[in-house]
Amino acid sequence: MTKAEKKVQLNNLIAEFLKTTDKELLAKLRNDIYKEINKLPMSSNDRNATEESMYLWNYNSDRYIENPKSITVRTSLMADFDAIVKTVDISLLSN
């Protein structure tokens, strides 16, 4: 799978996560997103930055799974996704 395909796959998982309201499926998708991010080829510096972003994302995704209708939690989660995807984009371009 090419880097572009990996990026598309990650963005598709994130989009599916944000559309879903089923708690079990949300938990599965969260875990799948985490696994896919960890599989990406990144420098150690980018990986550390991504892991830090993922701690906050994991906390907010748990809050989102409990209350997917909350606009505040959704906004926080989207900001977390944006930060992670930005780091991943930069890392994929440089590797």
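The values are calculated or read from the model by the stated rules, or taken from the named source; none is laboratory data. All figures in this text were calculated on a predicted structure; none of them were measured in a lab. No Cβ is skipped: glycine too gets one built from the backbone with ideal geometry, and neighbour counts run over all protein chains shown. Note: areas computed on protein heavy atoms with side chains; ligands, DNA, RNA excluded. Shrake-Rupley method; radii C 1.70, N 1.55, O 1.52, S 1.80 Å.
Filtered by the rule that a residue be loosely packed, with under 14 Cβ neighbours inside 10 Å and closer than 18 Å to LEU13 by Cα, the range 63-77 gives a lone residue, THR75. Out of the range 25-57, which residues are at pLDDT 90 or above and either of a type outside the set (A, V, I, L, M) or touching a Gly at 6+ places or on another chain (Cβ under 6 Å) (or both)? Selection gives LYS28, ARG30, ASN31, ASP32.
So which residues in the range 78-91 are closer than 11 Å to MET42 by Cβ and open to solvent by 70 Å² or more (accessible area, probe 1.4 Å), if there are any at all? Within the range 78-91, ILE90 is the sole residue that qualifies. Scanning the range 28-51 for residues that are of a type outside the set (Lys, Arg), open to solvent by 30 Å² or more (accessible area, probe 1.4 Å) and under 12 Å from the mean Cα position of the chain (by Cα) returns ASN31, ASP32, TYR34, GLU36, ASN38, GLU51.
Limited to the range 26-78, what total is found for residues that are small (Gly, Ala, Ser) and farther than 19 Å from GLU16 by Cα? Explain how you work it out, then say what you get.
Here is the first cut: in the range 26-78, the ones small (Gly, Ala, Ser) are 27, 43-44, 49, 53, 61, 70, 76.
Then keep just the ones that are farther than 19 Å from GLU16 by Cα; that gives 43-44, 49, 53.
Going through the range 26-78 one residue at a time, the tally reaches 4.
Can we say THR75 is farther than 27 Å from ALA4 by Cβ, among the polar types (S, T, N, Q) and over 12 Å from the mean Cα position of the chain (by Cα)? The answer is yes for THR75.
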